[in-house]
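Chemist: I have a structure here, written as structure tokens, and I will follow up with some questions on it.
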Amino acid sequence: MDLETRIERLKLDLRMWLRGLYHGMVTHPAYEKIEKEAEDIEDGFMLACFPDAFGIPSPVSYYTAELLPFLETEFEGWERRLWDRDSYIERKGQQYHF
């Protein structure tokens, strides 16, 4: 290998390493926070539409039952996620305590 090839290879390796470092330190945590916040908003919407799934009586459920065919794919995952995780307040509190 000549010197120019080794220098180009070193530049390429350094560029890849820096890209990985940037992703790990900056973009990945940001994506995680955005995903959690979007999930919380979706959970709030689904809970407002279908509170009877958790034993909370609501007259709104009669009207929002018409949305169920459109939200069928998300409903099962949402219900499982809400039963499995900590309370909503505990989860929101986690974002302020590291």
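Every number in this text was worked out from the coordinates using simple rules, so none of it is lab data. Remember, predicted model here, so these are calculated numbers, not experimental data. Cβ placement follows ideal geometry from the backbone for every residue including glycine, while neighbour counts extend to all protein chains displayed.
Chemist: How large is ³J(HN,Hα) for each residue in the stretch 38-47, as worked out from phi by the Karplus curve 6.51 cos²θ - 1.76 cosθ + 1.60 (θ = phi - 60°), to whole Hz, x for Gly and Pro?
Modeler: Each residue of the stretch 38-47 in turn: 5, 5, 5, 5, 4, 4, x, 5, 5, 5 Hz.
Chemist: Obtain the nm distance between the two label points defined at ASP40 and GLN94 by a simple spin-label model: each point lies 7 Å from its Cα along the Cα-to-C-beta direction.
Modeler: Result for the modelled spin labels: 1.1 nm.
Chemist: Could I ask something else about it? So what are the ³J(HN,Hα) numbers for the stretch 71-80, from phi and the Karplus equation (6.51, -1.76, 1.60; θ = phi - 60°), rounded to whole Hz, Gly and Pro as x?
Modeler: 9, 4, 5, 8, 5, 5, x, 5, 4, 5
Chemist: Stretch ARG6-LEU21 to full length: gain in nm at 0.36 nm per residue minus the Cα-Cα span?
Modeler: Gain on extension, ARG6 to LEU21, equals 3.2 nm.
Chemist: Could you give the length gained on full extension between LEU14 and GLU66, defined as 0.36 nm per residue of separation minus the Cα-Cα distance, in nm?
Modeler: Here the segment from LEU14 to GLU66 would lengthen by 13.2 nm.
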